[in-house]
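Asker: Structure in structure tokens, see below.
The values are calculated or read from the model by the stated rules, or taken from the named source; none is laboratory data. Computed from a predicted structure; not experimentally measured. Using ideal geometry, Cβ is built from the backbone for each residue, glycine included, and neighbour counts are taken over all protein chains shown.
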């Protein structure tokens, strides 16, 4: 997943009604972890990854599993 794919993921999730965002944290080991979290009514998703792209990819997959992702999204 590229930076462009991250932008597409954000747009797709917002169009599907998700309130969603991301943040990066640095742990004690110095490694960065990206976290994407959001909600759509009573549905919640939280995904993390070593990169921003990985975290957003996992968020898309979670929304897809819930059946809460618009059509035509990769």
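Asker: Going through region 13-23 one residue at a time, which ones are surrounded by fewer than 19 Cβ atoms within 10 Å (Cβ to Cβ) and in a helix (DSSP H, G or I)?
Answerer: Those that are surrounded by fewer than 19 Cβ atoms within 10 Å (Cβ to Cβ) and in a helix (DSSP H, G or I): 14, 15.
Rundown of residues vs (1) modelled with pLDDT of 90 or more; (2) in a strand (DSSP E or B); (3) within 11 Å of the chain's Cα centre (by Cα), yes/no style:
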{"residue": "4", "(1), (2), (3)": "no, no, no"}
{"residue": "33", "(1), (2), (3)": "yes, yes, no"}
{"residue": "38", "(1), (2), (3)": "yes, yes, yes"}
{"residue": "55", "(1), (2), (3)": "yes, no, yes"}
{"residue": "69", "(1), (2), (3)": "no, no, no"}
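Asker: Moving to a separate point now. Hey, could you check region 9-42 for residues that are in contact with a helix residue (DSSP H, G or I) (Cβ under 9 Å, 6 or more places away or on another chain) and in contact (Cβ under 8 Å) with a residue 40 or more places away in the chain and say which is farthest from residue 54 (Cα to Cα)?
Answerer: My answer is 16.
Asker: For region 49-66, give me the residue count where each residue is surrounded by fewer than 17 Cβ atoms within 10 Å (Cβ to Cβ) and closer than 18 Å to residue 19 by Cβ.
Answerer: Of the residues in region 49-66, 2 are surrounded by fewer than 17 Cβ atoms within 10 Å (Cβ to Cβ) and closer than 18 Å to residue 19 by Cβ.
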